[in-house]
Each structure stands twice: as C-alpha cells, then as structure tokens.
1. Taking H placed 1.01 Å from N in the peptide plane, check which residues at least 5 places from B:Val60 or on another chain put their amide H under 5 Å from its amide H.
2. On average, how many beta carbons from a partner chain sit within 10 Å of the beta carbon of a residue in A:90-101?
3. If the cut-off is 25 Å between C-alpha atoms, which lysines fall inside it for B:Lys6, apart from same-chain ones fewer than 8 positions away?
4. Nearest 10 degrees, 0 to 90: what angle lies between the long axis of helix B:138-151 and the longest principal axis of chain B (Cα atoms)?
5. Alpha carbons only, please: Rg and Dmax for chain B, in angstrom.
6. Quick check: from the Cα gyration tensor, does the stretch A:59-118 come out rounded (a/c under 1.5), prolate or oblate?
7. Taking each residue of B:54-67 in turn, how many C-beta atoms of other protein chains fall within 10 Å of its C-beta, and what is the average?
8. Roll a 1.4 Å probe over the protein chains and send me the accessible area per residue for the stretch B:53-155 in Å².
Amino acid sequence: MTLTKVSEFVRPRNLTEAFSLLEEKKARIIAGGIDVILFPTPAERLIDITALPLSGIEGGEEGVSIGATTTMTELLESPVLRGYLNGAVCEMLRQVASPLQRNLATVGGSLMIGHPWSDLITLFLVIGADVTYFDGEEHEVPIDRFYAENIHRRRVILTGINFPAVRRGTAAAFIKFSRTAFDIALLNCAALVETADGRCTAARIAVGGTPRRAKLLVRAAAELAGKPLSEEVVVQAARAAQDEAEVGDDIRASADYRRELVGVGVYRVLSRIRERLEGSA
Amino acid sequence: MKIAVKINDVQREFSITPGETLLELLRREGYKGVKKGCETGDCGACAVLLDGRAVNSCLVLAAKVDGHTVVTVEGLEKNGELAPLQEAFLDTGAVQCGYCTPGMLIAATDLLAHNPDPSEEEIKEAISGNLCRCTGYVKQVEAIKLAVQRMRGGEDA
Ligand SMILES: Cc1cc2nc3c(=O)[nH]c(=O)nc-3n(C[C@H](O)[C@H](O)[C@H](O)COP(=O)(O)OP(=O)(O)OC[C@H]3O[C@@H](n4cnc5c(N)ncnc54)[C@H](O)[C@@H]3O)c2cc1C
Ligand code: FES
Ligand code: FES
C-alpha cells in the first residue's frame, strides 16, 4: 500500500550524512523496507541506507562481524556462518519467514523493529552478541542491554552485530514452534552451553514470543552450572525454565500452552546441544 | 521523483511518488502478471526477481529499485519460447486458476539459479511463501522437479 505521508526518499553517501538527515525532521531509516511498509509511521522522509558500506560478513571461530544491511539470505548462504557455532544461526534463519522475505529482510531492520516474536533476538541473546550503533558516535553494547535500555526506540543507526569467539566444547541450538514453518512463532527457544571436561562451565537459555520479546532465563541456566549435561540435568533445567518464564495469552496461543512449550522447547534445545557436544567430542 | 530500472531486459524510466510500492508501479505500467493478493507479504502472488532474487513486490518501495534490475513473469520467456519451468508447469498440470502461478515461477526461478539440483525439501522451502488455494502444492513440486530434470539434460520422468 502506498505510504501517503512519505514525500522524500534519499540515499545518503555516508553514515554522518545519514544520521543528520535522520535528526532533521520526521524521518525514518529504510533497509529491506518490509516493516517500513507494513508498519507505517508519520515519517515524511525515508533514508535508504542500503547503498552505504554496511553489508557483509567477516570472521570465523574467532568471532563474526555482520553489517546491518546484510540480508537474511546472505547470512544463510555464508560459509562463515555455516562454520560458526555448529551452524546455529543458519538453523534459525531457515525457519524465518520464506525466501521471498529473507531476500529483502536485513539483520539491522529485524533488530531495530524488535518484534516480540523475533527468532533472531532469541538466538542472538544466547550467543551473547554485541550490537553496534551510531548516534554521532560509534557505540557497542551487549544485545540484552540494547533492549533493556530501549536503544532500538531511539534515533540511532544500527551499524552491525558482533558474535564472540567460540571456545572448544561449546554448542548452541534453536527451536521455533509455529503452525506452519512460514508462520510467526507461537514461542521460540534457544540455548548455548559451554563445557570443559564434560561439565557445563557456562550456559544461556532464552525464550521469545512469550508473547513478549525474548529474555534470558538466568535461573534455568544456573541449573546447569558445574554439572554434566545428562538427561536428568536437562529435565531439571526445562522445569526451572517453565517456572521462570513469564508467559501470557494472545491471539496465537494461551499462556498455559506457552508454558508447556517452554518446557518442551528447552528440553529439546538442550538435548540437541548434548548430541552436538557428543558428536564433536 | 524519477527512477531508472531495468525491467525484463529493457532499460526504463518512471515517474513515481516516493511512497508507492513496486507492485503498484508494475501493475500501473502494464505488468499484470504481477498479482496483487494480500499486500502484506503473506501470499507471494506479487513476487518478482530483484537483482536476481525473488521478493514480494508489495514489500518493496518503487524508489528502492532505482538503479536496479527487475524481472517479472513476463520476462521469463526468451524469444517467444517459454522457460523450462513454465513448460513444466503446463505439462504437469500445476496451473489451475493460475493466480499463484507467476509468483511460484519467480520463486522457483530464484531457487534453480542458485541451486540447480534441489531436494524435494528445498523445493518446498523455496515456495513456502507462495500460497495456492486450488492445488495441494503437489503438482507445483512435481513441475519444478520435472524442470530440473529437463534442464539437466534428462527427459520426462
Ligand atoms: C510474511 C512475513 C513473515 C515473517 N516471518 C518472520 C519470522 O518467522 N521470524 C522473524 O523473526 N521475523 C519474521 N518476519 C519479520 C521480518 O524478519 C522483518 O520484517 C524484517 O527482518 C525487517 O527487516 P527490513 O530490513 O525489511 O526492515 P525495514 O522495514 O527496513 O526496517 C525495520 C525498522 O527498523 C528501522 N531500521 C532498519 N534498519 C535500520 C538501521 N540499520 N538502523 C536504524 N534503524 C533501522 C526502520 O526505520 C524500521 O522502523 C516476517 C515478516 C513478514 C512480512
Ligand atoms: S500481494 Fe505481495 S505477498 Fe501477497
Ligand atoms: S492455481 Fe489457483 S491459486 Fe494456485
């Protein structure tokens, strides 16, 4: 549908110019443009940042940097991400929308709109990603702080996302529950576990689409500390996650159903991580 | 504002309003093979190739394609000959009312350009953003498999 409020479409040549254009009047950044079209605002000026050098994927096991305007398809097809953290990022992205949207959708757009059911946010929380943004100066903040402080609601330009180095004995997994693969999540779950000598040395678990935005489940993750990732420990952590997660009702699912899903989801991601750790040992 | 776009191998210029979508522009300019369904990215009937990748034209602003390349279903045939995918859709009976067909063909064209030997799973994933209310998707999947076979040099199954 035509965005009737929009009277100007500009392509700045650099980040500083883009930011000053954003400050001047009712302006909005446009990347893939999906949500700019589906969720219109009173913005009169659209600032297309896709011609800026903000796209690309670099790195490997030692950490990965992704530019804000990189599309989900580019991420899925990247050998770097296939090799990072047992391909967990690709495992998640294959379940996001369909190729028709993934060819447009950018990682920056997805993080800035911050949909509560976002599959990216849930996984990026357990990866411990850092978000970089520009507001006249460059900043880098952990993704949980990025949302806790509502930085995505401020007038900033997200420039990229960084994933940390992966130690040996680390694995991650993601799961999305939805009516069809194409549909938005009823709930999603991700976990990352670091182990040394067969015991968990660090773990993060997150659930999203609760129907609120994804959060880390700190107590559930603490259940794993210092223990071997046995069936019994996985079951305990899944129970703890059910107690800890704040779930609610919306048009997609009831709170009761979601609470069940938290238990099943956390059990499955941790079991998958267990298999992956055994497979790589 | 003015934009320059290469559409179906022809370089063209259009006057547009900065807030209109590529879907609206294309249909106004007579590319009626691009179908208007939901306008929310859910049905895939409006799919076109943008720089070689299948996208929902209802989710793209016309202003964004300035300087880029677009292919609609009208551009799939070459010198009056249907593309192998189009032939295969006809031969398999994958077209009923036909409303979803242009979008399916575009999605499948992107798939085969990047993955010439897809598995059945990969074919299903490629058209997962294209709704069809007539068929049960079985014929479309068969059609794409047939096109793959023919393009790889084998004949009918
Ligand atoms: C049919 C459909 C199915 C979907 N399914 C899923 C799904 O299963 N899982 C899932 O997680 N998501 C899903 N999505 C959501 C999709 O992931 C987002 O719509 C998409 O990622 C947005 O990216 P974009 O580049 O198009 O954003 P845009 O529309 O360009 O931007 C989104 C917002 O962020 C702002 N913005 C964009 N880039 C920047 C930047 N670099 N700095 C500052 N501000 C910026 C814009 O101003 C806008 O407000 C679905 C969407 C559709 C239409
Ligand atoms: S009209 Fe574009 S996806 Fe339905
Ligand atoms: S053939 Fe009618 S919608 Fe697909």
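The values are calculated or read from the model by the stated rules, or taken from the named source; none is laboratory data. It should be emphasised that the depicted structure is a prediction, and the values quoted were computed from it without experimental measurement. So basically every Cβ, Gly included, is an ideal-geometry build from the backbone, and we count neighbours across all protein chains shown. Surface areas here come from the heavy atoms of the whole protein model, side chains and all, with no ligands, DNA or RNA. Shrake-Rupley method; radii C 1.70, N 1.55, O 1.52, S 1.80 Å.
1. Counting only residues 5 or more places away or on other chains, the set is B:Leu22, B:Leu23.
2. Taking all residues of A:90-101 together, the mean is 5.
3. B:Lys32, B:Lys35, B:Lys36, B:Lys64, B:Lys78
4. 90 degrees
5. 15.4, 51
6. Values: a/c = 1.71, a/b = 1.49, b/c = 1.15.
Taking the square roots of the gyration eigenvalues as a ≥ b ≥ c, the stretch A:59-118 is prolate.
7. The per-residue average across the peptide is 6.
8. On the way: 4530 Å² over 103 residues.
I get 44 Å² per residue for this part.
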